[in-house]
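Note sheet for the following structure.
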Amino acid sequence: MLNEPVIKRFLDYVKVDTTSDPRSTSFPSTTNQIEFAKQLKSECEQLGLTEITLDEYGYVMATLSANTNQTLPTIGFIAHMDTAPDFTGKNVKPQVVENYQGGDIVLNEKENIKLSPAQFPVLNEKIGETLITTDGTTLLGGDDKAGIAAILSACEYLLAHPEIPHGKIRIGFTPDEEVGHGADHFDTAKFGCDFAYTVDGSGMPELQSQTFNAASAHIEVQGVSVHPGSAKDKMKNSLLMAYELNSLLPSEEVPEHTELFEGFYLLHDLAGSVDRTTMDYIIRDHDRTLFENRKKVMTDVVATMNSRYGAGSFTLTLSDSYYNMKEIIDQHPEVMALANKAFASLGIVPNDDPIRGGTDGARLSFMGLPTPNFFTGTYNGHGRYEFVVASELIVAYKIVLEIIKVSANG
């Protein structure tokens with residue numbers, strides 16, 4: 001299994017640090033993403049793909065040319081190059097656990113870091129599998145280097161088997177997906193596809209056609225800082241004002257208490273002092289009406305706080321990030337139908353639970369490129385407990401192949 005090209009690629013890719021940076025003003029947000037893009041461009045050339053481009057923004061695109069005269073749709077496959085800034089992606093040292101027999105996996109003996117089914121019960125479903133884990137000090141990068149490995153391995157296979165008919169296939173690798181900018185400069189006209197799929201999901205057998213609607217809320221809290229010895233009736237502690245604002249939001253509508261179609265508010269960054277504090281929230285809901293209501297709740301809470309502490313004490317900047325791609329994909333039923341046929345041909349019944357997050361496909365769908373998402377075999381993304389099930393990554397690669405085959409075979 002470890003000799004499979006898709007696994008070899010993945011183990012190679014994760015060793016390259018491609019962490020994105022939400023505070024950067026450049027695009028892509030980190031130069032190491034460009035270096036990885038150059039590596040992928042070179043690999044595309046070595047494989048024999050055509051129309052290979054690496055643009056100024058770091059997007060890599062390439063073509064697997066059609067080998068049939070059939071009139072077929074041009075299909076795209078997309079994955080992102082960056083890893084999440086939530087946890088370090090520098091000096092990743094993947095570890096392989098063959099024939100997992102249950103119980104704790106020691107990731108780092110020196111620091112006593114363990115991957116445990118007591119904390120992650122999904123491990124109980126992976127007995128007998130080969131797992132690729134971290135060494136406990138970094139994330140792994142399955143999100144989404146597993147997707148890149150699956151796509152390029154499928155292209156390599158088809159180039160080595162010209163007897164398999166297929167239409168024109170386009171592949172695209174994007175930067176800065178993890179910081180919400182993966183589609184900012186994606187040229188859909190240049191990509192030139194009828195539809196596409198992101199290979200950016202979690203565990204098998206995900207096949208997803210809907211995401212959250214997403215917004216960000218940045219709040220600036222202006223306090224009044226005076227010497228604590230003479231603070232009575234003068235001081236306004238912006239830190240405590242921020243905590244008070246947060247207490248007005250529904251306490252159970254947070255990620256740790258929600259699942260499936262339930263939306264939430266997440267305070268993901270808080271920084272400040274007595275004088276001034278900043279708060280950054282993400283707001284999520286699958287239903288557009290409920291999503292708009294959540295934004296209104298945030299606006300109303302800020303208004304309430306300004307009425308308590310004085311106009312201008314709280315300043316809210318609210319901006320939409322992406323919308324539920326189901327609105328678009330439902331208008332193109334053939335896209336999901338093709339994926340479902342590919343799953344069925346491999347004997348897989350897909351799980352169509354919604355994505356509790358977003359992919360490049362969410363924005364690309366609204367840019368005219370319907371783009372569902374499917375699994376990579378990655379679990380516990382964005383942290384030290386991330387792992388990939390090798391057999392599921394191999395199946396993800398086979399799904400790419402099968403979508404292409406089924407399209408040509410009608």
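The values are calculated or read from the model by the stated rules, or taken from the named source; none is laboratory data. Just so it is clear, the structure is predicted and the values come from calculations on it, not from any experiment. Here the Cβ positions follow ideal geometry from the backbone for every residue, glycine too, while neighbour counts run over all protein chains shown. Ligands, DNA and RNA are stripped out before the accessible areas are found, and what is left, the full protein with its side chains, is counted by its heavy atoms. Shrake-Rupley method; radii C 1.70, N 1.55, O 1.52, S 1.80 Å.
For the reader, a short list of remarks on this structure follows.
- ³J(HN,Hα), Karplus 6.51/-1.76/1.60, whole Hz, each residue of the range 14-22, x for Gly, Pro: 5, 7, 9, 6, 10, 4, 8, 10, x
- Sites listed here are trypsin sites (Lys or Arg not before Pro) in the range 93-145 whose DSSP assignment is loop and whose Cβ has at most 14 other Cβ atoms within 10 Å: K110.
- Each 10 Å bin from zero holds the following percent of Cα-Cα pairs in the range 366-408: 24, 38, 29, 9, 0.
- For the chain, the Kirkwood hydrodynamic radius comes to 22.7 Å, computed from all pairs of different C-alpha atoms.
- Binned Cα-Cα distances of the range 304-410, short to long, each 10 Å bin given as a whole percent: 12, 31, 29, 13, 8, 6, 1
- Residue order for M1, M61 - accessible surface, 1.4 angstrom probe, largest first: M1, M61
- Sorted peptide list for 299-308, 78-87, criterion being average Cβ within 10 angstrom, highest first: 78-87, 299-308
- Within the accessible area of the chain (1.4 Å probe), percent carbon and sulfur: 49
- Rolling a 1.4 Å probe over the heavy atoms of the protein chains gives the chain an accessible area of 43 Å² per residue.
- With the convex hull of its Cα atoms as the shape, the range 230-276 has an orientation-averaged projected area of 4.1 nm².
- Three-way shape call for the range 1-62 based on the alpha-carbon gyration tensor, with the a/c threshold at 1.5: oblate
- Per the Debye formula on identical point scatterers at the alpha carbon atoms of the range 92-161, with no solvent, log10 I(q)/I(0) at q = 0.21, 0.23, 0.27, 0.29 Å⁻¹ is -0.95, -1.05, -1.22, -1.27.
- Counting only whole DSSP H helices of the chain, the ones at least 24 Å long by C-alpha along their axis and with mean Kyte-Doolittle hydropathy no lower than -1.0 are 31-47, 142-160, 288-309, 390-409.
- Relative contact order of the chain, pairs being alpha-carbon contacts under 8 Å that are 6 or more residues apart, as %: 23
- Taking the square roots of five times each eigenvalue of the Cα gyration tensor of the range 213-312, the equivalent ellipsoid has semi-axes of 30, 13, 10 Å, listed largest first.
- Tensor-based shape of the range 99-250 (alpha-carbon gyration tensor, a/c under 1.5 rounded, otherwise prolate or oblate): oblate
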